[in-house]
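Read through the structure below, which is laid out as structure tokens, and then see the notes.
The values are calculated or read from the model by the stated rules, or taken from the named source; none is laboratory data. What you see is a predicted model, and the numbers here were worked out from it, not measured in a lab. Every residue, glycine as well, gets a Cβ built from its backbone with ideal geometry; the counts of neighbours run over all protein chains shown. With ligands, DNA and RNA removed, areas are computed over all heavy atoms of the protein, side chains included. Shrake-Rupley method; radii C 1.70, N 1.55, O 1.52, S 1.80 Å.
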Amino acid sequence: MKNLKAFLASIIIISSLSVNAQIKNAKTSRVEINGNCAMCKKTIEAAAYEPKVSKAEWDEDTHQAVLTYNPDKTSEEAILKRIAQAGYDNQAFRAPDEVYAKLHECCLYERDHTVAKADHSEHQAMDHSQHKASAKEHANMDHSQQAGKISANAQLAAIFENYLAVKNALVATDTKAAATAAKALTASVGKVEMGKLAHEEHEVWMKVMKGIQTEATAIEKSNDIAKQRNSFMALSNHLYPLAKASKASTALYWQFCPMANNNKGAYWLSAEDAIKNPYFGSKMMNCGEVKEKI
């Protein structure tokens, strides 16, 4: 096994060297490119790639990319222009609005954080009136747009509302009510417009959305209270980071029962600080404590 790992590592190193070797006089630079996810990464790197001339490696967490290119054949500027034309703002160019608007919903990054240089030659060629309008658009977002962003988390309110309905059904040990609430939760997940979420909410939503759907569906399809409660435990762990990221107008309480999950303990969210245990119901209704107010 150890020899196999060493062999695989050597293959990866050799492959990497081979790719760089194909680009003559290779020069590298680090640049900032906006984006959100793995789909963005694929599009950005495809836009940068030109056989034996250029390539990019983009990190979705840091939004940093390492460009490798032959300076005799292309330039950092040319690569970044292609990336912008594919829909991604970067430190040199702003993507055309109509191209950005056509990106997949999960790829609609926050444009407020664009770092494109105003003095770049592409911008210098911009007509003065257009430049002024663009600056006004970014510096002074009109009231209706601001209101759209501020109220965007209202769509997440449906997520928490249906989650709490599942919790209440489990407190009552009502499998049918839990399944009905879980079905509503699954439906509300499908209605979330990711492009309208604030940046932090969007980042968290991308990580937890699939898990929320999976566990809600499991609760919906089951008539076994033990299985529903087990799925609810995982569901709660997905909802917690979303609750932290969402700027909800009402408080939520992160509660913990040390005896749930075979005495390993389990958490849940509640709209009230009073303990009503969803893992045991009437058997141990008040078993637990508030760990955090969100």
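See the values below:
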| read-out | value |
| --- | --- |
| Residue count, segment 42-61 (criterion: of a type outside the set (D, E) and under 20 Å from L103 (Cα atoms)) | 9 |
| Flag if A177 is assigned to a helix (DSSP H, G or I), more than 25 Å from the chain's Cα centre (by Cα), free of Cβ contacts under 8 Å to residues at least 24 places away in the same chain and surrounded by fewer than 20 Cβ atoms within 10 Å (Cβ to Cβ) | yes |
| Among (1) open to solvent by less than 10 Å² (accessible area, probe 1.4 Å); (2) in contact (Cβ under 8 Å) with a residue 60 or more places away in the chain; (3) not in a helix (DSSP H, G or I) - the single one Y279 does not satisfy | (1) |
| Failed criterion for L156 (all others in (1) open to solvent by 40 Å² or more (accessible area, probe 1.4 Å); (2) modelled with pLDDT under 95 hold) | (1) |
| Pick from segment 82-104, criterion outside any helix (DSSP H, G or I) and among the polar types (S, T, N, Q), ranking: most open to solvent (accessible area, probe 1.4 Å) | Q91 |
| Pairs, first on the phi > 0 side of the Ramachandran plot in segment 54-66, second open to solvent by 70 Å² or more (accessible area, probe 1.4 Å) and not charged (D, E, K, R), C-beta under 9 Å, six or more apart | H63/H113 |
| Helices (runs of 4 or more DSSP H) lying entirely in segment 188-268 (those with 2 or more residues that are acidic (D, E), out of contact with any Cys (no Cβ under 9 Å at 6 or more places or on another chain) and closer than 21 Å to G35 by Cα) | 199-221 |
| Failed item in (1) modelled with pLDDT of 95 or more; (2) in a loop (DSSP other than H, G, I, E, B), with A116 passing the rest | (1) |
| Given (1) assigned to a strand (DSSP E or B); (2) open to solvent by less than 20 Å² (accessible area, probe 1.4 Å), number of the condition V290 does not satisfy | (2) |
| Residue that is nearest to the chain's Cα centre (by Cα), among those in segment 253-270 that are at negative phi and either modelled with pLDDT under 95 or open to solvent by 60 Å² or more (accessible area, probe 1.4 Å) (or both) | Y267 |
| Candidate set: segment 51-81, residues that are at pLDDT below 95 and basic (K, R); chosen: the one surrounded by the fewest Cβ atoms within 10 Å (Cβ to Cβ) | K52 |
